[in-house]
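As structure tokens, the structure follows; a few thoughts come after it.
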Amino acid sequence: MGTSVQVTPLCGVYNENPLSYLVSIDGFNLLIDCGWNDHFDPSLLQPLSRVASTIDAVLLSHPDTLHLGALPYAIKQLGLSAPVYSTEPVYRLGLLTMYDQFLSRKQVSEFDLFTLDDIDSAFQSVTRLTYSQNHHLSGKGEGIVIAPHVAGHLLGGTIWKITKDGEDVIYAVDFNHRKERHLNGTVLGSFVRPAVLITDAYNALNNQPYRRQKDKEFGDILKKTLRAGGNVLLPVDTAGRILELILMLESYWADENLNYPIYFLTYVSSSTIDYVKSFLEWMSDSIAKSFEQTRENIFLLKNITLLVNKADLDNAPDGPKVVLASMASLEAGFSHDIFVEWGNDVKNLVLFTEKGQADPPPKAVKVTVSKRVPLVGEELIAYEEEQNRIKKEEALKASLMKEEELKASQGADNNTIDPMIIDTGNNQPSPEVAVQKNGGYRDVFIDGFVPPSTSVAPMFPCYENTSEWDDFGEVINPDDYVIKEEDMDQTANNVGGDINGKLDEGAASLIFDTKPSKVISDERTVQVRCSLVYMDFEGRSDGRSIKNILSHVAPLKLVLVHGSAEATDHLKQHCLKNVCPHVYAPQIEETIDVTSDLCAYKVQLSEKLMSNVLFKKLGEYEIAWVDAEVGKTENDMLSLLPVSGAPHPHKSVLVGDLKLADFKQFLSTKGVPVEFAGGALRCGEYVTVRKVGDATQKASASFEHL
């Protein structure tokens, strides 16, 4: 029987809600992604709350709210306490994303689902891995290997490969096969025939235009709006697709010699760019090569100004401008406030770059505008009186507790602690003052003070040295003197508890501002007269590409998640006909068993057998023939036993994927004249070898030659 694999969606199936899925491998529960959305609706997390305490590990794939937004809340409120794994960019940029989300809401509401301390606590448990790094789980997960691979879409975006007993479970959502300005394309196509593939149907019905055409349309509409005297608002995420848009704008402004100002406005904009500058090795090959040659960082921005509060934008010179502001959904943040101000001007443009934003607001929309203001007058006096009352109550409680502790400690000192006081409450003689005489015991009176048996002699402490010694001196544990990588990282980057090390100065000032304040709100009706345009810059593979990739990967079993009902059903029907016969699209909290149909067994090989087997290296493999019979050992483990009769003749076996170039080199060493012609290998005058598929060769020749 193969490795047992069950998949249970907790959120994000037959819709475009946040992503969260439970994958159980031989009883080890993996939570893959822990997403939320900009509404922060706790009802979405009810399925997660029912299984949070049973989760053994968490894998994060992308640094945006849809993939990790619920992590602080789940750890604080739902009982999630498992180790978390991600790449370094997902950890850093995900942390900043959550900071920006919290600060955006704290300024307009009494947001209490989680705090900055909860965010720090959640991300302190993250173990960071590099691409293609195999990490072996221990304990309950013994035998399971996890490895992140390039997904594209967002910086640090991950396809997770989970392996046990030679069977692969691949989790690949929100991937992009196209190479972009700052990212390489996904490596999903390099996986062939995994046991299980979990992927999304988000873009199954969408086909994208060519990048050059899309970029030209993007630049033209911006230039047209600016030259007409209008402003452009791009609602963006905190640290995800915004990076591609920034490079696109920098390039377009340089090519067209434009002088219109561009502003990137989030609570953590400066920190985002500072971290991104250090992640060049995670970006596209062209960026890394350019940096090696010129030593110039592509994120040293020349045309974009970073802002961390709206006051700086309000004080900017009048005139047409482009503003990239969070949040992308317009639910909160600076983008919400700017939309309210600019929405009624026909010259302005709001350019949406994500499909979730594509539903345009009506011509008139009611919005709630909220802001935090300091308390003044009677409200301030009432607040201070309440705080003083609370402080007095806390001080009174503290003093009462201190008195009780003092009384308790004095009582204990009087009875047992002071070695110079006789324990008068004990009428029985102490063992120290009893001697044996004529086979019995007689009490002995000692003139002086006798310490109780529980006391300690009044002397300086003396500690016995229990160190171990060998011929070279005292035996030490090297681990006691090793500075952990996490500690060095925290020291170098000033993170992990020091908020100033992770936030911009403006954002940090908001946190440390302890002035009494309140949130005031008013409803307004915004007449939407500005232009509303949607252009797809999400950076995901489109439907045609998804189908081609799935056909190439050809998984044994396929699980479809995250996509509209129409897109999911469409992709399911296509895959049933063209990819594999086992395609699943489960509902929320529906557990499906995708255990492999292959029969895999573990066989114990003796040392004597292994020492006599002659392995031959063949590429990345080592192979050998073993003629044996399968039997059982004393502990019921399968083992190989000597054959009882004559061994059967060995048939030819093709191992790996034969490359024509290697085959050409081999034939050349045997004296066969070979050359490539039209994608085939011509061997002499009569034989032509052509590759028609993985691990198969087809040859045409005359019977006389053969």
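The values are calculated or read from the model by the stated rules, or taken from the named source; none is laboratory data. Since we're looking at a predicted model, the values are computed, not measured. Using ideal geometry, Cβ is built from the backbone for each residue, glycine included, and neighbour counts are taken over all protein chains shown. Areas reflect the complete protein model, heavy atoms only, side chains present, ligands, DNA and RNA absent. Shrake-Rupley method; radii C 1.70, N 1.55, O 1.52, S 1.80 Å.
Figures for the structure shown
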{"quantity": "Where only C-alpha atoms are counted, convex hull volume of the stretch 527-610 per residue in Å³", "calculated": "225 Å³"}
{"quantity": "Centre separation in Å (Cα based) which lies between the stretch 255-305 and the stretch 146-194", "calculated": "25 Å"}
{"quantity": "Calculated on alpha-carbon atoms, Rg and Dmax of the stretch 163-218 in Å", "calculated": "14.9, 50"}
{"quantity": "Simple spin-label estimate for L406 and Y481 in nanometres, 7 Å along Cα-Cβ", "calculated": "4.8 nm"}
{"quantity": "The stretch 94-194: mean projected area of Cα convex hull, nm²", "calculated": "8.8 nm²"}
{"quantity": "Value in Å of the Kirkwood radius, where the stretch 1-140 supplies the Cα pairs that are averaged", "calculated": "15.4 Å"}
{"quantity": "Within the accessible area of the stretch 530-647 (1.4 Å probe), percent carbon and sulfur", "calculated": "53 percent"}
{"quantity": "Extension gain (nm, one decimal) between F663 and E590, 0.36 nm per residue minus Cα-Cα", "calculated": "21.4 nm"}
{"quantity": "Nearest-0.05 FRET efficiency for F615 and T688, computed from C-beta distance (R0 56 Å)", "calculated": "0.95"}
{"quantity": "Cross-link partners of K392 among lysines (Cα-Cα below 27 Å; sequence separation of 8 or more within a chain)", "calculated": "K402, K407, K515, K518"}
{"quantity": "Relative packing of 567-578, 188-199, which averages over residues the other C-beta atoms within 10 Å, highest first", "calculated": "188-199, 567-578"}
